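Chemist: This structure is in structure tokens; I'll ask about it shortly.
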Amino acid sequence: MVLEQKYTELDNKLVNISKCNQFIVITFLNDIDAFVVSEVKNNIKQIVKNDNGQRNVMIDLAKIEFIDSYAVGLFVSLLKILHKNNKKLIFAGASGQPQSILNIVGLNEDVVSFIDNI
């Protein structure tokens, strides 16, 4: 996958956000808990909103071993923004605890898409 443009890399190295063809790719670099979400939520939501519904959002969870309820809340808020524009939320590389939590809370194949990797 060739990256068209890098939007931002936060100074705290928690997430990389890039634009690639029809996707905004959000790659988390650390487990996603309340601290991480509080640091990145506003930036992520602003980037998705500023895209004006042009792209689907892919969240790369390949390096993630843990997510908490704050991560789920972030994903649900992104899903709401995307659904307003008939766009999709796609999780890449989800496995273990993150995959289980997403399924338990109802973020499964009926609502989002999953792929093995980017």
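The values are calculated or read from the model by the stated rules, or taken from the named source; none is laboratory data. This one's a predicted model, so the numbers in the text were calculated from it and none came from an experiment. FYI the Cβ positions are ideal-geometry reconstructions off the backbone, even for glycines, and counts take in every protein chain you see.
Chemist: Between a residue in segment 12-41 that is basic (Lys, Arg) and any residue that is assigned to a helix (DSSP H, G or I), which pairs come within a Cβ distance under 8 Å, given they are 6 or more apart or on different chains?
Modeler: If the second residue must be assigned to a helix (DSSP H, G or I), the pairs left are LYS41/LEU74; LYS41/SER77.
Chemist: Right, another one. Counting only residues that are buried (at least 16 other Cβ atoms within 10 Å of the Cβ) and closer than 20 Å to VAL40 by Cβ, how many does segment 88-104 have?
Modeler: Number of matching residues: 9.
Chemist: Sticking with this one: Residues of segment 1-34 being surrounded by fewer than 14 Cβ atoms within 10 Å (Cβ to Cβ) and either under 17 Å from VAL76 (Cα atoms) or modelled with pLDDT of 95 or more (or both), which ones?
Modeler: Within segment 1-34, ALA34 is the sole residue that qualifies.
Chemist: Determine the pairs where a residue that is within 15 Å of LEU14 (Cβ to Cβ), located within segment 43-67, has a partner that is of a type in the set (Ser, Thr, Tyr) and part of a loop (DSSP other than H, G, I, E, B) with Cβ atoms under 8 Å apart, the partner being 6 or more residues away or on another chain.
Modeler: Cβ pairs passing all conditions: LEU61/SER95.
Chemist: For the condition among the hydroxyl-bearing types (Ser, Thr, Tyr) and farther than 17 Å from VAL111 by Cα, what is the one hit in SER77, SER69?
Modeler: Within the list SER77, SER69, the selection yields SER69.
Chemist: Does GLU39 meet the test of being in a helix (DSSP H, G or I), over 10 Å from the mean Cα position of the chain (by Cα) and of a type in the set (D, E, K, R)?
Modeler: Working: in a helix (DSSP H, G or I): yes; over 10 Å from the mean Cα position of the chain (by Cα): yes; of a type in the set (D, E, K, R): yes.
Considered against the rule, which asks whether it is in a helix (DSSP H, G or I), over 10 Å from the mean Cα position of the chain (by Cα) and of a type in the set (D, E, K, R), GLU39 comes out as yes.
Chemist: Considering only strands (runs of 3 or more DSSP E) fully contained in segment 53-118, which possess at least 2 residues that are within 20 Å of GLN22 (Cα to Cα) and either modelled with pLDDT under 95 or not aliphatic (A, V, I, L, M) (or both)?
Modeler: Values: elements: 56-60, 89-92, 113-115.
Qualifying strands (runs of 3 or more DSSP E): 56-60, 113-115.
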